[in-house]
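Structure, as structure tokens:
Rule-based calculations on the coordinates, nothing more; no lab input. All values reported here derive from a predicted model rather than from experimental measurement. Ideal geometry is used to build each Cβ from the backbone, glycine not excepted, and the neighbour counts take in all protein chains shown.
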């Protein structure tokens, strides 16, 4: 139980958005506008250019408000990514951790 006066954890689902494609201007802004327009908050972001592949790679941890249609978000994101010449995926944080973590599988809570 949280101490009195402690902030409550934010409501919603934690999701991971991964995107990769050619390095070009406007990608971060376009994804930021896409998320902001759906009241999805970026909590953490990692981005870099992979020199060997010449690709821009982004991994974002986002908080999606309750009740959002995840399938529709995925479809809308795929359309945006296609317009940007990228591929992008949106999945629950626990799925991302279970399929990308190296080491022993640990118990995940949904």
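The table that follows gives values for the structure above.
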{"read-out": "Hits in segment 67-84 - residues which are without any contact (Cβ under 8 Å) to a residue 60 or more places away in the chain, under 13 Å from residue 34 (Cα atoms) and more than 15 Å from the chain's Cα centre (by Cα)", "value": "79, 83"}
{"read-out": "Filter result for residue 22 (in contact (Cβ under 8 Å) with a residue 60 or more places away in the chain, more than 13 Å from the chain's Cα centre (by Cα) and either at positive phi or surrounded by 10 or more Cβ atoms within 10 Å (Cβ to Cβ) (or both))", "value": "yes"}
{"read-out": "Residue 58 being surrounded by fewer than 16 Cβ atoms within 10 Å (Cβ to Cβ) and either in contact with a helix residue (DSSP H, G or I) (Cβ under 9 Å, 6 or more places away or on another chain) or within 18 Å of residue 92 (Cβ to Cβ) (or both)", "value": "no"}
